[in-house]
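Engineer: Have a look at the structure that comes next, please.
The values are calculated or read from the model by the stated rules, or taken from the named source; none is laboratory data. Since the model is a prediction, treat every value here as computed from it, not as a measurement. Neighbour counts run over all protein chains shown; Cβ positions are idealised from the backbone, glycine included.
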Amino acid sequence: MRASSEFLATLVLVLVSVSSVAHGDPLVPALIIFGDSVVDVGNNNNLNTLIKSNFPPYGRDFVTHRPTGRFCNGKLATDFTAEYLGFTSYPPAYLSRDAIGNALLTGANFASAASGLYDSTANLYRAITLTQQLNYYREYQAKLVNMAGNDGASNIVSGAIHLLSAGSSDYIQNYYINPLVNRIYTPDQFSDILIRSYTTFIQNLYGLGARRIGVRTLPPTGCLPAAITLFGAGSNQCVARLNQDAIAFNNKLNSTSLSLQDRLPGLKLVVFDIYQPLLDMVTTPSDNGFFESRRACCGTGTLETSLLCNFRALGTCSNATSYVFWDGFHPSEAANQVLAGDLLAQGVPLIS
């Protein structure tokens, strides 16, 4: 199954853009990324926050075999996406020393671990709020104008794929553990708050010239190893109420996105379903080439993430390719590769 996802991704690229690949050009001019720890490539390294992953064993299977700030043993799904689109490098973390000069012409990554659609979530952990990520994007656009001129910058922005991954932290790292929120709002009311933030973000991004936008659904949050440990009441199964909240949110995300696309002329807005592909990996791991989907690779595999997943974490697995999850919250590189193949097939409208 894993091989078939890679084949599917390759086939989609061949069908969509034979000429671009033949000339060695990426399928789009740039890749712009916003969101949370699932897509953060090192912005949090430069923040005064405990939510970091710039130490071993993070990054042990990355191309450099060194930690970068990615919450993974290796590549993220967005790294594979960049490769599939024909880029020879990954969008640099905007707050890193790599985000200078020509490196910015092909994109940038504004994501911050522990950020969310709800700015209060990021503030709890001193992460970069989605509002501030958008401010950095405005700053980035000014740099593009300086390098490529007004017309060149406009063409890069309008042709670029903009990806958003947010929402999981709002629930797992805020709503479910924060009585100041969960005693005031029902899950349905909280999801409405998140959807309003999402709507504002898309409208603002559109106003800045973005026309190709992809947003990821919530995963089956109740199946994350840490979520089962924290909220499963001793069970070893996915937490049903968390998954139900994710499904309800995803339904609103889909309907809201359709409405936004109808209202905003020229907008291509694709909702990427990661809920079902990840649920399939969790419930039938062997069908997807995996051995373990309940425990993560790092440490005990039931809770560790960020500072708890470190080189002293006893029990960390030697071969992460058999594991769906690298730590208690985040997929392994192998799982990210499967997800990237699924997302590419779903994202054809953004590159056609």
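Engineer: Restricting attention to region 240-269, which residues are assigned to a strand (DSSP E or B) and crowded, with 20+ Cβ neighbours inside 10 Å?
Structural biologist: Of everything in region 240-269, just one residue is assigned to a strand (DSSP E or B) and crowded, with 20+ Cβ neighbours inside 10 Å, namely 269.
Engineer: Here is a follow-up. Failed condition for residue 109, given (1) in contact (Cβ under 8 Å) with a residue 24 or more places away in the chain; (2) over 30 Å from residue 243 (Cα atoms), with all others met?
Structural biologist: (2)
Engineer: Determine which single condition residue 168 fails, assuming it passes every other condition in (1) in contact with a Lys or Arg (Cβ under 9 Å, 6 or more places away or on another chain); (2) within 26 Å of residue 68 (Cβ to Cβ); (3) not β-branched (Val, Ile, Thr).
Structural biologist: (1)
Engineer: Check residue 299 against each of (1) surrounded by fewer than 18 Cβ atoms within 10 Å (Cβ to Cβ); (2) assigned to a loop (DSSP other than H, G, I, E, B); (3) at pLDDT below 90 and name the one condition it does not meet.
Structural biologist: Going through (1) surrounded by fewer than 18 Cβ atoms within 10 Å (Cβ to Cβ); (2) assigned to a loop (DSSP other than H, G, I, E, B); (3) at pLDDT below 90 one by one, residue 299 breaks only (1).
Engineer: Ok, one more. Could you list all residues from region 21-52 that are more than 19 Å from residue 141 (Cβ to Cβ), part of a loop (DSSP other than H, G, I, E, B) and of a type in the set (Val, Ile, Thr)?
Structural biologist: Residues satisfying the conditions are 38, 39, 41, 49, 51.
Engineer: Sticking with this structure for a sec: Quick check on region 171-193. Is at least one of its residues under 24 Å from residue 208 (Cβ atoms) and not charged (D, E, K, R)?
Structural biologist: Taking every residue of region 171-193 in turn, at least one turns out to be under 24 Å from residue 208 (Cβ atoms) and not charged (D, E, K, R).
Engineer: Can we say residue 200 is surrounded by 20 or more Cβ atoms within 10 Å (Cβ to Cβ) and free of Cβ contacts under 8 Å to residues at least 60 places away in the same chain?
Structural biologist: no
Engineer: If a residue must be small (Gly, Ala, Ser), surrounded by 18 or more Cβ atoms within 10 Å (Cβ to Cβ) and free of Cβ contacts under 8 Å to residues at least 40 places away in the same chain, how many such residues does region 134-191 contain?
Structural biologist: 1
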